[in-house]
Amino acid sequence: GAGVSQSPSNKVTEKGKDVELRCDPISGHTALYWYRQSLGQGLEFLIYFQGNSAPDKSGLPSDRFSAERTGGSVSTLTIQRTQQEDSAVYLCASSLLGPDFREQYFGPGTRLTVT
Amino acid sequence: AQSVTQLGSHVSVSEGALVLLRCNYSSSVPPYLFWYVQYPNQGLQLLLKYTSAATLVKGINGFEAEFKKSETSFHLTKPSAHMSDAAEYFCATRNSGNTPLVFGKGTRLSVIA
């Protein structure tokens, strides 16, 4: 079946512009995660959705970052007034929910370059 | 907060040699532990997981890892490296079933012919 997809695969933007990154999770996966992968910082958690609500936003680095999820499916990560330090690969993952371990399936990522 | 530390940002081995990638965890309770692999321009793929059922965990592609509480370690091994194993490997942990993953910095594995 289809895995997690992300779009665009690459995005180059000028400093100060807003960008939107999209994640399409695996159908039926209630949990959705955004992570950021950057040089020197490794992989960092940004935000977690359970359905359409976000019980954990603790990883969002500033108020320029926001995310939403609609219909328990597609999620959009928005970065306003982009800065050069926002350059990174943004990874999305989805999983089923449950009391025990549920594997997170990762998308290929969106590579964001802020010039 | 739980964390993992990967020793060595880059490991180079010859084809057919033993692969050993090191990971130490910091946790006051038995954690969930994972190894992920990332091939160039791809997302992360789960290699194996430890969820306290067994200390020696076997994963895909011939990899395995052993949970050693006395050493707070969860090192990844493979008896014989293959060229296709060249990738970045991440050790990760999480508090419970659906909490976010906390990753190590990653170790890039190179395999020399």
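Quick note: the coordinates plus some simple rules give every number you see, no bench work behind them. Given the structure is predicted, the values throughout are model-derived calculations rather than measurements. In this analysis, Cβ positions are derived from the backbone assuming ideal geometry, glycine residues included, and neighbour counts consider all displayed protein chains.
Could you tell me which of the pairs A:LYS11/B:LYS49; A:LYS57/B:LYS49; A:LYS15/A:LYS57; B:LYS58/B:LYS105; A:LYS11/B:LYS105 are separated by over 27 angstrom between their Cα atoms in the structure shown?
The pairs that break the limit, which is 27 Å between Cα atoms, are A:LYS11/B:LYS49.
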| task | Quote the FRET efficiency, to the nearest 0.05, computed for A:SER9 versus A:LEU39 with a Förster distance R0 of 22 Å and r equal to the Cβ-Cβ distance. | result | 0.75
| query | Anyone know which of B:LYS69, B:LYS49, B:LYS78 comes out most mobile in the 10 Å Cα GNM of chain B? | reply | B:LYS69
| message | Pairs of alpha-carbon atoms within less than 8 angstrom and 6+ residues apart define the contacts here; what relative contact order does chain A have, in percent? | response | 37
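Would you tell me the mean number of C-beta atoms belonging to other protein chains that fall within 10 Å of each C-beta in A:100-113, as a whole number?
4
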| note | Total charge of the residues flanking A:THR82 in space, meaning their Cβ is under 12 Å from its Cβ, with Lys and Arg +1 and Asp and Glu -1, is 0
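For peptide B:98-107, what's the mean number of Cβ atoms from other chains within 10 Å of each residue's Cβ?
Per-residue shielding by partner chains comes out at 6.
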